[in-house]
Structures are given as C-alpha cells and as structure tokens.
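Undergrad: There's a structure below that I have some questions on.
The values are calculated or read from the model by the stated rules, or taken from the named source; none is laboratory data. Just so it is clear, the model here is predicted, and its values are computed rather than measured. Cβ placement follows ideal geometry from the backbone for every residue including glycine, while neighbour counts extend to all protein chains displayed.
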Amino acid sequence: MNSASPEMGRGWGRRSFLQSTLLGAGAALMGSPQISSAAEPVTRNGQSHFKISLAAYSFHRHLVRDWTPETQAKAEMTLDDVIKFAAEQNLDGVELTSYYFPKEVTNEYLMHLKQLTFRLGLDISGTAIGNDFGLVEGEARQEQLAYTRKWIDHAATMGAPVIRIFAGKTPKGDTDSAAIARCAAGINESLDYAAEKGVFLALENHGGITSTSPQMLSIISQVKDSPFFGVNFDGGNFRTAEPYTDLAAIAPYAVNAQLKVSLHPEGKPREQADYIRTLRILKEAGYRGYIVLEYEEKEDPRESIPAVLDELRAAMAEV
C-alpha cells in the first residue's frame, strides 16, 4: 500500500493504537462484555482501489416506499429509472435500497433487476434494510431477525454482496449499553445465515448507539469474528466534534463505504464534505471496493448528481 499522506499523519502503528484506545474506552464507557473471538479489521490484498456506485436513497423524494402496482404508477421514478440513471453517468454500480422495492417482493422482480443492471454494465453493489436490533426479546425482535433473513435471501438472489444494517435505537427507559449488547447479539444471530448465503452484513454509523466511534467499536467488540461482517463507513453520519477522527477509527473494518455531499460536526454549521480527506482515510486503511454516493441535499438529485460525481472522480484522481 502507498505510504500515508502527510495530512493524515498516521502510520499503521499509531492507528492501531488509536483503535485499541477507542475500543477500550468504548468498552469501559458502555460496560460491554467482550467475546473471546471478536470481529477483526478487514484483511486487505494489494493497494487500495475505489469503484463508484450510487444509492437509490439519493432519489428518496421521487421514489415510492413499499409500492404496489397502483402506487408505483403515480411515482416520479422507479428503481428501473435509478439503474438507467446510474448507467448514464457511466458508474460501476448501483445500490438498490430495500425501501423502494414492492410491498411483496417476488423472484420475478429480483430477476428483472438483476438482468437490467447486468445488461447496462452495472453491479448491484449492495442493498440496505431499516432493521432495529435494539429491541428487547419478544415478538417484535423476532420479526426483525426474520426480516433480516428475508433480505439476506433477496440480496443473494439478485447478486447484492452486502447489506447495510442499522443498530436500532435504545428503547425508552433502557440503557445504551443494554441496547448495544442486544445489537451485537442480533448481528451474531444473523451472521451464520448471511455466511451460508454469501452476503456481508455491514453495520452503519447511523446515529443513536452508533453516533460515535467508541460506540461502534463497542458493538464490534461483541460481534464474533466472521469474514461476512464489517462496517458500512458513512462519511457524512458522524456528528461529533472530530468526525474525521471517528471515521479513521472505523475505516479498518469497512466492507462498504458511502460518501455524502455534506456533514455536520458537533457545535458547527453544516459544511461541505472533504472528499479528498475522506478518501485518504479509506486509502490508508487499504479499502478496496465501492464508494457509494448517497445524495441527501435539497436540490433535485437528477440535476445535481452529475456535478457531484465529477467532483468525486477528481478527488479520487488526486488521492
């Protein structure tokens, strides 16, 4: 791997020290139990390499959730349109977020998406589900686990290698440490099935009990070591005082990565994301895989995304 940039100022030793420090701090802070064989940073081969994908969520204002033929007929866009848009932008892949699938997902529909993306020269880089593993034991939690297994099946069928999963939230009156333990347990309960189907589960830093890197590392420390587990590195989701430091802490675990146009550091106004700095963090971690643009700005994504992609390509060329 190329040596780290001066801007990053971190060698592997220093980063390992940072990881172990944050992991210990997270475990102490959350009171989380450790398991004998916890998830490890991803083993990389060769130099860092980036491909570009586009998340269907970028068009959330124009897509219909859990659609039926009747509601889909009134939609401004469909997943077919997202796929065609990605191909028009000469991308490598597209993330087909689960929210915009039909209410009843059929094998026929999954095969339709698979053939359309392939014929247009795209990979289905992944999907995402709105799971909640913070729920206490009971029927609702079992439904979430069943929902996760169902989407593992869907991902495997259409050839999506990774699912972005969420930790969920802390129920009212409960503690973050208890919710973190349940989140890790939910991941562990799902991992064996995911491995059987060849689908990665990528935990996203997405607020709540994944708002900081110590929280993320506390969950990771309780997830069993599996080649099918990792982190979805979201470059715009940490709202901490030092979001780039938090991103550097979770980057070694990344099996999928997202970039947003802006981020919102704690105590500061929203600011433009530093694509070069974020990509250098991933490069230093040796990340190889998709950079998924998830556009969340107020402007029409159909008009704004092409320029954003130009900026992202320019940043990749400079890193």
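Undergrad: I want to confirm something. Restricting to segment 169-208 and keeping residues that are among the β-branched types (Val, Ile, Thr) and at pLDDT 95 or above, which single residue is nearest to Gly289 (Cα to Cα)?
TA: Among them, the one singled out is Val199.
Undergrad: Name the one entry in Asp153, Asp234, Asp176, Asp246 that is surrounded by fewer than 17 Cβ atoms within 10 Å (Cβ to Cβ), acidic (Asp, Glu) and touching a residue at least 12 places away in the same chain (Cβ under 8 Å).
TA: Asp153
Undergrad: Also, quick follow-up: Can you tell which of Lys268, Lys283 is more than 16 Å from Ala202 (Cβ to Cβ) and in contact with a Ser or Thr (Cβ under 8 Å, 6 or more places away or on another chain)?
TA: Result of the check over Lys268, Lys283: Lys283.
Undergrad: Can you go through Leu23, Leu29, Leu54, Leu18 and tell me which one is within 30 Å of Pro102 (Cβ to Cβ) and either at pLDDT 95 or above or assigned to a helix (DSSP H, G or I) (or both)?
TA: Numbers: Leu23 fails: within 30 Å of Pro102 (Cβ to Cβ); Leu29 fails: within 30 Å of Pro102 (Cβ to Cβ); Leu18 fails: within 30 Å of Pro102 (Cβ to Cβ).
Within the list Leu23, Leu29, Leu54, Leu18, the selection yields Leu54.
Undergrad: Continuing with the same structure: Going by the conditions given, is Asp80 surrounded by fewer than 14 Cβ atoms within 10 Å (Cβ to Cβ), modelled with pLDDT of 95 or more and in contact with a Leu (Cβ under 8 Å, 6 or more places away or on another chain)?
TA: The answer is yes for Asp80.
Undergrad: Now for a different question. Would you please name the residue that is surrounded by the most Cβ atoms within 10 Å (Cβ to Cβ), looking only at residues in segment 90-105 that are in a loop (DSSP other than H, G, I, E, B) and among the hydrophobic types (A, V, I, L, M, F, W, C)?
TA: Here the answer is Leu96.
Undergrad: Just the residues that are buried (at least 18 other Cβ atoms within 10 Å of the Cβ) and either of a type in the set (A, V, I, L, M) or part of a strand (DSSP E or B) (or both), please, taken from segment 42-51.
TA: Val42, Phe50
Undergrad: Looking only at helices (runs of 4 or more DSSP H) that lie completely in segment 125-229, which have at least 3 residues being touching a Lys or Arg at 6+ places or on another chain (Cβ under 8 Å)?
TA: On the way: elements: 139-158, 176-197, 213-220.
Passing ranges, in order: 139-158, 176-197.
Undergrad: Can you find a residue that is in a loop (DSSP other than H, G, I, E, B), at pLDDT below 95 and within 22 Å of Ala241 (Cβ to Cβ) anywhere in segment 271-294?
TA: no
Undergrad: Looking at the structure I just gave you, is Val308 on the phi < 0 side of the Ramachandran plot, in contact with a strand residue (DSSP E or B) (Cβ under 9 Å, 6 or more places away or on another chain) and in a strand (DSSP E or B)?
TA: On the way: on the phi < 0 side of the Ramachandran plot: yes; in contact with a strand residue (DSSP E or B) (Cβ under 9 Å, 6 or more places away or on another chain): yes; in a strand (DSSP E or B): no.
The answer is no for Val308.
Undergrad: Now, a different point. Tell me, which residue of segment 194-245 that is touching a Leu at 6+ places or on another chain (Cβ under 8 Å) and among the charged types (D, E, K, R) is farthest from Gly159 (Cα to Cα)?
TA: Among residues in segment 194-245 that are touching a Leu at 6+ places or on another chain (Cβ under 8 Å) and among the charged types (D, E, K, R), the one farthest from Gly159 (Cα to Cα) is Arg239.
Undergrad: Select from segment 253-294 the residues that are touching a strand residue (DSSP E or B) at 6+ places or on another chain (Cβ under 8 Å), touching a residue at least 40 places away in the same chain (Cβ under 8 Å) and surrounded by fewer than 21 Cβ atoms within 10 Å (Cβ to Cβ) and list them in ascending order.
TA: Passing the criteria: only Arg288.
Undergrad: Here's something else I'd like to know. Conditions first: (1) more than 17 Å from the chain's Cα centre (by Cα); (2) surrounded by fewer than 22 Cβ atoms within 10 Å (Cβ to Cβ); (3) modelled with pLDDT of 95 or more. Pro301 passes all but one, so which condition is the exception?
TA: (2)
Undergrad: Turning to a different aspect of this structure: Please go through segment 57-89 and give me each residue that is assigned to a loop (DSSP other than H, G, I, E, B) and of a type in the set (Gly, Ala, Ser), ordered by number. Show your work before the answer.
TA: We begin by selecting, within segment 57-89, every residue assigned to a loop (DSSP other than H, G, I, E, B); these are 60-66, 68, 73-78, 89.
Of everything in segment 57-89, those that are assigned to a loop (DSSP other than H, G, I, E, B) and of a type in the set (Gly, Ala, Ser) turn out to be Ala73, Ala75.
Undergrad: Would you please name the residue that is nearest to the chain's Cα centre (by Cα), looking only at residues in segment 230-254 that are in a helix (DSSP H, G or I) and of a type in the set (Ser, Thr, Tyr)?
TA: Tyr253
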